[in-house]
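K.L.:
Following this message is one structure expressed as structure tokens.
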Amino acid sequence: MSDTPEISENLSQRIEAQRAALASLLAQSGVTASPAAAEGMPPRADVLLSGDANPWHDGRREEREEKKEEEKKDGTD
Amino acid sequence: MTELARTASVVFLQPTTLCNLDCSYCYLPDRAAHRRMSVAVADAVARGVAAWSLLHPVRVVWHGGEPLALGTPGFTELIGRFGSAGGRVTHAVQTNATLIDDAWCEVFNRHRISVNVSLDGPRRANGARTTRAGRESFELALRGIAALRGHGIPFGAIAVVEDPDPAVAAELYDWFVALGCHSLGVNIVERKGVHAGSQVDGEGVTAFWAALATHWRSDQRLRVREFDHALRHVSATLAGTADRRALAPHDPMPMIGWDGEVTVLGPDLAGFSSRRHGPFTVGNVKDAELVDLVRRAPQASWVAEIVRGFAACRATCGHFSYCLGGRPANKYFETGRFDATETAYCRNSKKRLMEGLLRSVGHT
């Protein structure tokens, strides 16, 4: 859909191709897929946890099932 | 599939339409008018927030206009209507910082308000941020930030970048590190709302993100909101959960205007209307409970069109699990419709951002 060729369309393949370097950066930065769930907040609060009071560029929740699974692992469910 | 969650974990409030600044890129209408939220409206919102807080924590974001233009007595009267629900209701304020003084710092501390300031970097980057008299606001903002620092109040920052020049990316980052904020959001200037000015859209934006990412990777003293968000998607992709996450419903993120009108899916549609849909509202908290208005929001024609737009993005875009369907306001103001797909916002603030980050990592 994009007519801007400098943007590659297959994002997940690009990410997989750089798995090792990106995993290293993730470890360095401390970013995880769902920090909000870890703090008992709705996953949608992820953006707020990065110190942002204006998170409306990113309006979606993760699946509640994912949170429930994490809660079960914590024994809090 | 449900496209909108029935409860909200983030609620935006517009305590006043007024802003004491007149930034040239601002999208907000009526920001020269001082229309104030009533206690009755705040009470109605507080009831909804209290109901949702029984299910999960809720963040109340005091947005604008400039929320501090209300003055401390007016602001504390409104925020005082909200219970804390044992810490499950928290507050944040998005401010231009120019009105912050000791009295405001005491309010922030008393109500445990997270503070986020809007500032575009060094003085020369703030030319768009002028007072209503046309004077620069830079020193006023620095004075307010000095007050925050004097009171030991942590704060984040959001910068609008009008000229995403790779040569200034590192300087921008370093300037915010020196300012003392804990996090930085970077908004590439957008054409939306009442701002119909120029919009960047090209390879240079990718180069800017790549330069910023390279500098950030070497010095991670600040969290950068956009990189956090991109890396959360990277993390989910590497864990094999990204597609599953993308099936989850959108948080409705209601915005309650000064008069009680409720907009959903972002504050940047509040106060606008179209010939086809009428006002972009799902009702007024003075007429119905906020929880009911949000639950019934998908029945509004413009919200239904937004949901169709999400579906179109899902069906056609390889970045969907990352951007999750784009921003409705950008779709509307760029194309005239909510069921459009790619926008300049998508390219600049999602696709080119990720591309820049991946290029930066690839060049290690």
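The values are calculated or read from the model by the stated rules, or taken from the named source; none is laboratory data. The structure presented is a predicted model; accordingly, all values stated were derived computationally and were not measured. No Cβ is skipped: glycine too gets one built from the backbone with ideal geometry, and neighbour counts run over all protein chains shown. Please note that ligands, DNA and RNA were not included when accessible areas were found on the heavy atoms of the full protein model with its side chains. Shrake-Rupley method; radii C 1.70, N 1.55, O 1.52, S 1.80 Å.
K.L.:
Kindly indicate the residue of segment B:211-224 that is within 11 Å of chain A (Cβ to nearest Cβ) and in contact (Cβ under 8 Å) with a residue 40 or more places away in the chain and also most open to solvent (accessible area, probe 1.4 Å) among those meeting that condition.
P.N.:
Filtering first and then ranking leaves B:ARG223.
K.L.:
Can you tell me which residue in segment B:181-208 is nearest to B:LYS350 (Cα to Cα), limited to those that are touching a strand residue (DSSP E or B) at 6+ places or on another chain (Cβ under 8 Å) and open to solvent by 20 Å² or more (accessible area, probe 1.4 Å)?
P.N.:
This residue is B:ASN187.
K.L.:
So, B:ILE256, is that one of a type in the set (A, V, I, L, M, F, W, C), away from every other protein chain (no Cβ under 12 Å) and touching a residue at least 60 places away in the same chain (Cβ under 8 Å) or not?
P.N.:
Judged against the criteria, B:ILE256 is a match.
K.L.:
Follow-up question, since we're still on this one. Taking only pairs six or more apart or across chains, which ones have beta-carbon atoms under 9 Å, a first residue in segment B:114-141 that is at positive phi, and a second residue that is open to solvent by 50 Å² or more (accessible area, probe 1.4 Å) and modelled with pLDDT under 95?
P.N.:
Listed by first residue and then by second, the contacts come to B:GLY134/B:ASP22.
K.L.:
Still on this structure: Quick one: would you say B:ASN116 is under 21 Å from the mean Cα position of the chain (by Cα) and either within 19 Å of B:CYS181 (Cβ to Cβ) or away from chain A (no Cβ under 12 Å) (or both)?
P.N.:
The answer is yes for B:ASN116.
K.L.:
Right, B:ALA236: surrounded by 23 or more Cβ atoms within 10 Å (Cβ to Cβ) and within 8 Å of chain A (Cβ to nearest Cβ) or not?
P.N.:
So B:ALA236 passes the test.
K.L.:
If a residue counts only when it is open to solvent by 10 Å² or more (accessible area, probe 1.4 Å) and out of contact with any helix residue (DSSP H, G or I) (no Cβ under 6 Å at 6 or more places or on another chain), which strands (runs of 3 or more DSSP E) contained entirely in segment B:33-148 have at least 1 such residues?
P.N.:
Passing ranges, in order: B:89-95, B:113-118.
K.L.:
When the residues of segment B:154-179 are filtered to those that are closer than 16 Å to B:THR98 by Cβ and of a type in the set (A, V, I, L, M), which remaining residue is surrounded by the most Cβ atoms within 10 Å (Cβ to Cβ)?
P.N.:
B:ALA157
K.L.:
Return the pair list, or none, for Cβ contacts closer than 8 Å from residues in segment B:83-101 that are more than 29 Å from B:VAL160 (Cβ to Cβ) to residues that are at pLDDT 95 or above and in a loop (DSSP other than H, G, I, E, B), at least 6 apart or on different chains.
P.N.:
B:VAL89/B:PHE82
K.L.:
Could you grab me the full set of residues in segment B:179-218 that are modelled with pLDDT of 90 or more and on the phi > 0 side of the Ramachandran plot?
P.N.:
Within segment B:179-218, B:GLY180 is the sole residue that qualifies.
K.L.:
Now a separate question. Only one of these conditions is not met by B:ASP228: (1) among the charged types (D, E, K, R); (2) within 14 Å of chain A (Cβ to nearest Cβ); (3) open to solvent by 10 Å² or more (accessible area, probe 1.4 Å); (4) out of contact with any Lys or Arg (no Cβ under 9 Å at 6 or more places or on another chain). Which number is it?
P.N.:
Checking B:ASP228 against (1) among the charged types (D, E, K, R); (2) within 14 Å of chain A (Cβ to nearest Cβ); (3) open to solvent by 10 Å² or more (accessible area, probe 1.4 Å); (4) out of contact with any Lys or Arg (no Cβ under 9 Å at 6 or more places or on another chain), the one that fails is (3).
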